[in-house]
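Notes follow the structure.
The values are calculated or read from the model by the stated rules, or taken from the named source; none is laboratory data. This one's a predicted model, so the numbers in the text were calculated from it and none came from an experiment. Positions of Cβ are generated from backbone atoms using ideal geometry, with glycine treated the same way; all protein chains shown enter the neighbour counts.
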Amino acid sequence: MRTLAIILAGGAGKRMGASTNKQFLLLDNKPIIVHTLQIFEECRPVDGVYLVVNQKDLPVIQEEILETYRFNKVMKLVIGGRLRQDSVRNGLEAIESPCDIVIIHDGARPFVSPAFIEKGIFLMEMFDAIIPALPVKDTIKVISKEGFVQKTLERDSLWHVQTPQTFKHDLIVRAYREGMAKKLCGYDDATFLEFIGKKVKVIEGSPYNIKITTPEDLIIAKGILSQLKGAL
C-alpha cells in the first residue's frame, strides 16, 4: 500500500521563547526537524513526505535543510495555516498522487523510531486509524476558572496521545473535510475520525517520544538523545 507522511514543521516557537521556529533549534548539532525527517527517510514503507512549513521559513527549509541534508523522500513543501488543523488540511489537500495510507506527525517529535512507524503501517490492514498513547500516571482534576477543583477524573481511562497517527487516506480526507465544514476543533487528528463515527485503535507509545515545545523539553531531549546514543 502506498504510504505518505505529512510532517508538521510550522510552529512559531512561542512557548520555547525562541526568536526562531523551534524546528530549527539544534539537537546534537543538527536542527530538530532534521532528526525527524531522517527517521522517515530510513523507514522503508514510507514512500514520500509532505513537509508543512511557515511561508516565512521557506528559504531556510530549502537552503539549510533540504539542500544541505538532501532528503530524497521530501516530495513537496506545503504552506501551513493559522491552526494546526489548518496545516494538516493543507497537507492532505496537497496530496495529488495515489495514496492508501497517510501518517501525520509532529516535526518536533524527533525520537519516534522507523520500526514504530512501520508497526502503525502494518496494523492498517486491520484498522482504519492507529494512534500511539501512554497511560496517565498523575491524578487529573478539572479546575474551574476561579481555581477550584470541580471533579477528579478516573485515571485508568486517561491516556496521553502522541504522534505519528496513521490513517486510511480516503477516511482522513473525508473526516477533515466534514469536520472543518462543521468548524470542529480537533485536538488531534484522530478527533476528526471520531467525529465521523470511525473507531480509532490505540497502541502503546513511547516515553521517549516527547514533543519539544518548551526550553525544559529541549533539556530533556538532549538527555534522551544521550541515553539513546549510549545504548547503541
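General remarks:
- Of all residues in the stretch 157-175 being in contact (Cβ under 8 Å) with a residue 12 or more places away in the chain and more than 19 Å from the chain's Cα centre (by Cα), the one that is nearest to Phe116 (Cα to Cα): Leu158
- Selection within the stretch 169-200 - among the hydrophobic types (A, V, I, L, M, F, W, C), farther than 13 Å from Phe127 by Cα and outside any helix (DSSP H, G or I): Leu184, Cys185, Ile196
- Subset of the stretch 116-149 [aliphatic (A, V, I, L, M), without any contact (Cβ under 8 Å) to a residue 60 or more places away in the chain and either surrounded by 14 or more Cβ atoms within 10 Å (Cβ to Cβ) or not in a loop (DSSP other than H, G, I, E, B) (or both)]: Val136, Val142, Ile143, Val149
- Members of the stretch 71-99 found to be in contact with a helix residue (DSSP H, G or I) (Cβ under 6 Å, 6 or more places away or on another chain) and either of a type in the set (Phe, Trp, Tyr) or in a loop (DSSP other than H, G, I, E, B) (or both), listed by number: Phe71, Lys73, Gly80, Gly81, Cys99
- Considering each residue of the stretch 160-167 in turn, at least one proves to be surrounded by 17 or more Cβ atoms within 10 Å (Cβ to Cβ), farther than 15 Å from Gly91 by Cβ and of a type outside the set (S, T, N, Q).
- Flag if Gly230 is at pLDDT below 95, out of contact with any Cys (no Cβ under 7 Å at 6 or more places or on another chain) and in a loop (DSSP other than H, G, I, E, B): no
- Residues that are surrounded by fewer than 21 Cβ atoms within 10 Å (Cβ to Cβ), in contact (Cβ under 8 Å) with a residue 24 or more places away in the chain, closer than 28 Å to Gln227 by Cα and hydrophobic (A, V, I, L, M, F, W, C) within the stretch 47-80 comprise just one, Phe71.
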